[in-house]
Amino acid sequence: MMTENDYIELKNRLVTECQKAQQKIVTSSKSAMDEAQQAIYEYGPNKDRYDSFRDQLTGRRDMFSLQYSKAYSELSVMGKINPKSINKIAEFGAVIITDACRFFISISAGKIEIDGHTYYAISPMVPLFKVMEGKKKGETFEFNGKKQVIKDLF
């Protein structure tokens, strides 16, 4: 049985791991955006009115710019999670342990390994969260035809 301090420590580690993973995405998308901008600069001004190569370079830069913006905003979302808060229902910031999986409701950061356990960092926008939203410890939910029981929640 875990104590409140164990819950807080685990949630802190999950937040840190999500932030590390998201920081990598922020850094790589910023780098790709900067490289694309440099390519536009090196190419120079439009060669003619219908310079499709320059349009392609600009489109590439804009795509990376969008990725960077999204990644950066998700990183800032992680700052809204208080690891010291013990959640009583399935909501943003909660760790949910079912008889089948372990979830951290935060951002879509994928698999996180901690102390030999796999946690799935999922966004509150995904359909899986929608079926467990508001549930409490001991309650069940069904997703893709599979029932899961919430064994622990904090």
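The values are calculated or read from the model by the stated rules, or taken from the named source; none is laboratory data. This one's a predicted model, so the numbers in the text were calculated from it and none came from an experiment. Glycine also receives a Cβ, built like all others from the backbone with ideal geometry; neighbour counts cover every protein chain displayed.
Which condition does K84 not pass, out of (1) within 12 Å of the chain's Cα centre (by Cα); (2) of a type in the set (K, R); (3) closer than 18 Å to N5 by Cβ, if it passes all the others?
Every condition holds for K84 apart from (1).
Could you identify the single residue in I96, I81, I89 that is modelled with pLDDT of 95 or more, under 20 Å from A21 (Cβ atoms), out of contact with any His (no Cβ under 6 Å at 6 or more places or on another chain) and in a loop (DSSP other than H, G, I, E, B)?
On the way: I96 fails: in a loop (DSSP other than H, G, I, E, B); I89 fails: under 20 Å from A21 (Cβ atoms).
Checking each option against the conditions leaves just I81.
Counting just the residues of the range 61-105 that are more than 16 Å from A32 (Cβ to Cβ) and acidic (D, E), which one comes out surrounded by the most Cβ atoms within 10 Å (Cβ to Cβ)?
E74
Under the condition of being without any contact (Cβ under 8 Å) to a residue 12 or more places away in the chain and of a type outside the set (S, T, N, Q), which residue from the range 126-140 is nearest to F92 (Cα to Cα)?
Initial filter on the range 126-140 (without any contact (Cβ under 8 Å) to a residue 12 or more places away in the chain): 130, 139-140.
If we keep only those that are of a type outside the set (S, T, N, Q) too, we end up with 130, 139.
Numbers: K130: 11, E139: 18 Å.
Checking each candidate, the answer is K130.
Give all pairs with beta carbons closer than 7 Å in which a residue from the range 103-118 that is on the phi > 0 side of the Ramachandran plot meets a residue that is among the acidic types (D, E) and in a loop (DSSP other than H, G, I, E, B); count only pairs at least 6 apart in sequence or on separate chains.
none
Among the listed residues S29, S76, identify the single one that is free of Cβ contacts under 8 Å to residues at least 40 places away in the same chain and either assigned to a loop (DSSP other than H, G, I, E, B) or more than 22 Å from I114 (Cβ to Cβ) (or both). Even if it seems obvious, please write down each step before you answer.
Details: S29 fails: free of Cβ contacts under 8 Å to residues at least 40 places away in the same chain.
Just one listed residue meets the conditions, S76.
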